[in-house]
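The values are calculated or read from the model by the stated rules, or taken from the named source; none is laboratory data. None of these values were measured; they are calculated from a predicted model. Here the Cβ positions follow ideal geometry from the backbone for every residue, glycine too, while neighbour counts run over all protein chains shown.
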Amino acid sequence: MSPKDALYRLSEAENLIRTYGGVVLVKKIQKKQVPNYKTYIGSGKIDEIIEENRGLGANIIIVNNELKPRQTYNIGELVRGHGLTVWDRIDLILKIFQKHATTKEARLEIELAGIRHMGPRIFGMGMELSRQAGGIGTRGVGETNIEFMRRHLKKMEEAIVKDLEKCKKVRELHRAGRRRRHLKTVGIIGYTNAGKTSLLNALTHKGALAADKLFSTLDTRVGKIYFENTGQQILVSDTIGFIQDLPTTLINSFRSTLEETIRADLLLHVIDISNPKMTDNIKTVRTILAQIDALAKPTIYVFNKIDLARSEEKSTVCKPGVNKSKSVLLKKYNKFSPCFVSASTGEGIPELKNLIQQTIG
Ligand SMILES: Nc1nc2c(ncn2[C@@H]2O[C@H](COP(=O)(O)OP(=O)(O)OP(=O)(O)O)[C@@H](O)[C@H]2O)c(=O)[nH]1
Ligand SMILES: [Mg+2]
C-alpha cells in the first residue's frame, strides 16, 4: 500500500471513530510487509503508542484491520496494564452499528454479527479459558467454560435468527402488497457517506436524517416519487452504506436489510464525485453487490455532490486531485446511464427522475 493510500485509510478510520463519538489522541501508521503473527502490529509500535499516550489518557487502541482473535488477545495482554483495551476494525464498525441502530431488525442483525464475531475469539482464547476451566455449576464433568460459552452463543444465535425470520416475513408481506398495487421500486445503494439518504430526500421530500458521518443510516427507509405527468408513483428505498473491507460476517448479517433494496426493479448507485477514492469506492460497492448476488440488476450510476466539483468549463468536472471530465465518466460507465446530480442543491434531480421513469415507468 502506498503512503498516500495508508493516509487515506487512516483518515477514513478517523471518520469512523468520529461517527462512533470518539476522539483520536494518538495516530500511527505501521510500515510492514507481513503482519506480525502474534500481535499484527509490531511490539515496538505498541510501545510507541503506550509511550505517546502517557498523560493523554486514551483508553482504546483501534487497529484498522481485521485481527485474528489471538492477535487481539495478545495485544490486549501487552497494553492492559496501561489502561488500554484493543478493538479491531470490525469491533469499531459493530460498536457504531450498535449505537445507531433504531429498528428492531437492525438491532437483531447487529447482535447476530456481534455473536458471530465473538465466537471465534472465544475459541481463540480457548487455552486461557480452559486453564481456568473445570465444570460450571452443576454441569457435567469435563464441560469447560469454553464449551459452555460456545453452546450459549449458539443458542442466542438461533433465537436471533428465528426473530429475524419473523421480521423478514413482515417485509415479505409488505413487498407482496406493493406488487399487488403494481408499484415499481427503486433501491438506492452506494458507499457510505456518498449521499444516499440526501438523494432519497431530494427525490421524495422524505426528510430522513442525512449526516456527515459514516453509517448514519442502518436500516431501510422507503419514500415515494410522484410523476406529475402520468400520476404514477414509484417507491424508493435507502439503506445502509457499503465500506471497504466490510467483513463478510457483517454483510451476511445485513443481507436481509439490504435485500429490501436490492430486490428493487432498478438500482441507483450513488457515487460521491468529490471523493478522491471515487473509483475504488465504485469497485468496493460492485464487489459487495457481487457477494449478495445483485450485480445483474439494472443500475444507474448517480454521480452526486456535483456542486462540490469546481466546474471550469461546462462539460468538465474538476476538483483538486480528481479530474474526471463528465465525458470520460459518461464513456467509461456508459452501460450504467451515468447522470450527474447534487442532492443538496437539486441540480440534475428532474433529469434523474425522467431517467428513472424512462427506465422502469
Ligand atoms: N455538497 C454536497 N453535500 C452533499 C450532497 N449530498 C450529500 N451531501 C452531504 O454528504 C454527507 C453524507 O450524506 P448522507 O445523505 O447522509 O450520505 P449517506 O450515503 O446516506 O451516508 P450513510 O447513511 O452514512 O452511509 C452529508 O453531510 C450531506 O449533507 C451534495 O449533493 N452536495
Ligand atoms: Mg444514509
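Observations, loosely collected:
- In segment 200-219, residue modelled with the lowest pLDDT [restricted to those that are over 13 Å from the mean Cα position of the chain (by Cα), more than 9 Å from ligand 2 (Cβ to nearest atom) and on the phi < 0 side of the Ramachandran plot]: Lys206
- Those residues of segment 231-243 which are in contact (Cβ under 8 Å) with a residue 60 or more places away in the chain and more than 16 Å from ligand 2 (Cβ to nearest atom), in sequence order: Gln232, Ile234
- Among the residues listed as Met149, Met156, the single one being at pLDDT below 85 and surrounded by 15 or more Cβ atoms within 10 Å (Cβ to Cβ): Met149
- Qualifying residue in segment 277-284 (condition: within 16 Å of ligand 1 (Cβ to nearest atom) and part of a loop (DSSP other than H, G, I, E, B)): yes
- Scanning segment 23-41 for residues that are surrounded by 12 or more Cβ atoms within 10 Å (Cβ to Cβ) and of a type in the set (Val, Ile, Thr) yields Val24, Val26, Ile29, Thr39, Ile41.
- Candidates Thr103, Thr19, Thr72: the one that is more than 26 Å from Lys277 (Cβ to Cβ), touching a residue at least 12 places away in the same chain (Cβ under 8 Å) and surrounded by 18 or more Cβ atoms within 10 Å (Cβ to Cβ) is Thr72.
- Members of segment 232-254 found to be away from ligand 1 (no atom under 11 Å from the Cβ) and at pLDDT 85 or above, listed by number: Gln232, Gln233, Ile234, Leu235, Val236, Ser237
- Scanning segment 296-312 for any residue that is of a type in the set (D, E, K, R), within 21 Å of Ile349 (Cα to Cα), at pLDDT 90 or above and within 13 Å of ligand 1 (Cβ to nearest atom) turns up at least one such residue.
- Residues (under 14 Å from Ile360 (Cβ atoms) and more than 16 Å from ligand 1 (Cβ to nearest atom)) located in segment 180-200: His182, Leu183, Lys184, Thr185
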